[in-house]
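Here you go, one structure.
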Amino acid sequence: MPAPILPAPILVVNAGSSSLKFSVYLTCSGAPVRLLDGAVSGLGGAPRFDARAEDGRAIAPWQPPDGERPGHDAVFERLLEWLVGWLDTQPETAAPTRSAAAPPFAAVGHRVVHGGERFAAPTRLDADVVRALEALVPLAPLHQPHNLAPIRRLAARWPSLPQVAAFDTAFHRTIPPVAQLFALPRALTAAGVRRYGFHGLSYAYIARRLRALDPVAAAGRVVVAHLGNGASLCAMCDGRSIDSSMGFTAVDGLMMGTRTGSLDPGVILWLIQEKGYDAAALERLLYKESGLRGVSGIGNDMRTLLASDHPHAAEAIDLFVYRIVREVGALTAVLGGLDALVFTAGIGENAPPIRARVTAGLGWLGARLDAAANQAGALRIAAPDSRVGVWVIPTDEDLMIATDTLELIGPDAARA
Ligand code: AMP
């Protein structure tokens with residue numbers, strides 16, 4: 001009996017300035033199932049390559065010879081070669097009849113940070129869309145060019161390969177116009193200086209998961225706290241974003257691992273006028289040297305800070321929690337009340353003391369934790385008498401991109 005024709009896998013690419021993350025999904029069951037994920041870190045210097053199979057087994061892929069510093073494009077080409085070779089050794093993905101010129105993937109989904117005002121949903125990429133995304137580079141100069149480079153290389157290598165962009169901003173296109181505005185002259189608003197919001201793939205994933213887990217909670221007034229190295233909040237009503245703590249860029253809002261979050265703009269003027277800061281020094285300060293790292297003087301990893309008995313570590317955590325409670329209060333006012341609070345991302349999923357302190361700060365709303373459930377990292381961590389549902393839902397942005405990609409190309413295309 002001939003072997004069944006299995007659909008080709010979907011590749012997900014999340015290309016940044018210093019790392020390139022990737023994952024491969026099988027689509028046989030009609031929903032994406034992860035087969036492999038990995039990352040090339042240290043781009044721009046000596047890159048390091050890591051990959052894991054879905055069972056957690058480390059796979060030892062290509063490492064550049066010591067001292068070799070291949071550029072982003074060379075690393076991506078090498079990654080593709082390695083992936084094609086690896087897939088051909090796997091029973092689920094080996095395609096002995098595929099010609100060398102045919103793409104080994106049914107489609108590729110890309111994380112693209114900025115979709116501007118035009119892109120409110122994942123979008124199939126063609127030359128026109130890529131041009132429109134290139135025009136948004138000035139809005140996200142640190143990320144957008146790196147997101148777009150692999151798209152161009154894949155299109156050149158396999159012109160027939162379907163590619164999809166999934167945007168960090170798209171989920172927030174439902175934010176009402178007044179909440180998108182800054183109090184700036186209209187010409188600047190017209191030039192695109194407005195609130196976009198980020199972490200949208202994470203929020204879209206959480207909105208779907210919450211709807212599957214508890215449709216009543218998902219239909220209500222929800223604040224999702226994405227607390228990772230980057231951190232933001234999203235206010236959702238019936239699963240749609242109506243406001244976010246991040247704004248024009250991903251440096252706004254909450255205090256983060258190394259980013260300031262909201263900062264009096266007068267501080268920036270003072271730094272320029274009195275301290276001689278230029279754009280590069282400001283960028284370093286706002287994005288790399290501040291947040292938990294800057295306030296603690298120790299580092300940006302919450303695990304280290306929670307384990308430290310240094311008073312500056314304690315103060316950094318106090319401020320981190322204080323800013324979350326303050327912002328959740330603001331978003332609760334926007335929502336007109338709060339039915340559920342969801343914690344996600346590295347800190348939100350793994351730091352019971354932070355969840356406990358944030359929830360205690362929301363005691364005035366009637367939020368109460370079940371201490372044992374919180375410690376265990378259970379899905380539902382509210383006490384029975386809590387007036388607010390409290391959840392811990394692990395996020396999965398790559399799975400969201402794979403799901404979006406499969407939905408856009410359709411299961412039949414994946415099988416073609
Ligand atoms: P992310 O950006 O979502 O990958 O989150 C990364 C951050 O999560 C790290 O910088 C840590 O601060 C934090 N994190 C991960 N595991 C833990 C843990 N067990 N306890 C506290 N924080 C954690």
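Here, each number is a calculation from the coordinates, and none is a lab measurement. Note that the structure is a prediction, hence the values are computed from the model and not measured. Virtual Cβ from ideal backbone geometry, glycine too; neighbours counted across all protein chains shown.
Output ³J(HN,Hα) for segment 351-359: one whole-Hz value per residue in order, computed from phi by the Karplus curve 6.51 cos²θ - 1.76 cosθ + 1.60 with θ = phi - 60°, and x for Gly and Pro.
10, x, x, 5, 4, 5, 6, 5, 5
Subtracting the Cα-Cα distance from 0.36 nm times the residue separation, let me have the gained length for residue 281 to residue 17 in nm, one decimal.
93.2 nm is the gain from fully extending residue 281 to residue 17.
Still on this structure: Take segment 283-375, drop everything but the C-alpha atoms, weight them equally and run the Debye formula without solvent; then report log10 I(q)/I(0) at 0.17 Å⁻¹ to two decimals.
Each listed q maps to, in turn, -0.81.
As I understand it, the value is the acute angle between the Cα axis of helix 397-409 and the longest principal axis of the Cα atoms of the chain; what does it come to in degrees, rounded to 10?
50 degrees
Another one. For residue 152, what charge total do you get from the other residues with a beta carbon under 13 Å from its beta carbon, if Lys and Arg give +1 and Asp and Glu give -1?
-1
Going through segment 303-373, which chymotrypsin sites (Phe, Trp or Tyr not before Pro) have at most 10 other Cβ atoms within 10 Å and a DSSP loop state?
Listed in order of number, the matching sites amount to none.
Amide H of residue 370: which non-local residues (sequence gap of 5 or more, or other chain) have their own amide H closer than 5 Å, using H built in the peptide plane?
382, 383
Right, another one. Given q = 0.11 Å⁻¹, what are the Debye log10 I(q)/I(0) values for the chain, with equal point scatterers placed on the Cα positions and solvent ignored?
Once normalised to I(0) and log-transformed, intensities are -0.89.
Segment 108-156: which trypsin sites (Lys or Arg not before Pro) are DSSP loop and have at most 16 other beta-carbon atoms within 10 angstrom?
Hits after loop and neighbour filter: 118.
Report, in debye and to the nearest 20, how large the dipole of the chain comes out about its Cα centre when Lys and Arg carry +1 and Asp and Glu carry -1 on their Cβ.
On the way: 38 positive and 40 negative charges, 98 e Å.
Charge dipole of the chain: 480 debye, to the nearest 20.
For segment 165-220, which chymotrypsin sites (Phe, Trp or Tyr not before Pro) are both in a DSSP coil and crowded by at most 14 other Cβ atoms within 10 Å?
Values: sites: 167, 171, 182, 196, 198, 203, 205; in loops: 182, 196, 198.
Filter output for segment 165-220: 182.
Taking Cα atoms, how many degrees apart are the long axis of helix 311-335 and the longest axis of the chain, rounded to 10 and kept between 0 and 90?
Relative to the chain, helix 311-335 is tipped by roughly 90 degrees.
Suppose we keep just the DSSP beta bridges with both residues in the chain; what percent of those would be antiparallel, to 5? Please list the in-between numbers first.
Values: 36 of 54 bridges.
About 65 percent, rounded to the nearest 5.
Also, quick follow-up: In square nanometres and to one decimal, what's the mean projected area of the convex hull around the Cα atoms of segment 10-167?
Taking a quarter of the hull surface, the average projection is 9.9 nm².
With the Cα gyration tensor of segment 246-286 in hand, convert its eigenvalues to equivalent ellipsoid semi-axes via √(5λ) and list them largest first in whole Å.
Values: eigenvalues 71, 23, 14 Å².
So the equivalent ellipsoid measures 19, 11, 8 Å along its semi-axes.
For the ranges 18-27, 39-48, what's the packing order if you count other beta-carbon atoms within 10 Å of each residue, average per peptide, and put the highest first? Spell out each step's value before the answer.
On the way: 18-27: 21.8, 39-48: 17.3.
Highest mean packing first, the order is 18-27, 39-48.
Using the crude model of +1 on Lys and Arg Cβ and -1 on Asp and Glu Cβ, and no other charge, please compute the dipole size for segment 211-361 relative to its Cα centre, in debye to 20.
Computed charge dipole of segment 211-361: roughly 180 debye.
Which is the longest stretch in the chain that no exposed loop site breaks, taking sites as GluC sites (Glu not before Pro) with a DSSP loop state and at most 15 other Cβ atoms within 10 Å? It would help to have the intermediate numbers written out before the result.
Working: sites that count: 54, 68, 92, 117, 289.
The longest such stretch corresponds to 118-288.
Distance in nm between label sites at residue 315 and residue 190, each 7 Å beyond Cα in the beta-carbon direction?
Here the answer is 4.7 nm between the modelled labels.
Same structure again: Relative to the first principal axis of the alpha-carbon coordinates of the chain, what is the inclination of helix 200-213, with its axis defined by its Cα atoms, in degrees from 0 to 90 and to the nearest 10?
It works out to around 90 degrees.
Also: Starting from 0 in steps of 5 Å, tell me what percent of the Cα-Cα pairs of segment 59-148 lands in each bin.
That works out to 2, 10, 17, 16, 16, 15, 14, 8, 2, in percent per bin.
Could you give P(r) for segment 145-193, binned at 10 Å from zero, as whole percent values over all Cα-Cα pairs?
19, 31, 25, 20, 5
If Lys and Arg each add +1 and Asp and Glu each add -1, what is the summed charge of the other residues whose beta carbon sits under 12 Å from the beta carbon of residue 351?
Local net charge: +1.
How big is segment 214-397 along each principal axis, measuring the range of its Cα positions in Å and listing the largest first?
That works out to 54, 37, 31 Å along the principal axes.
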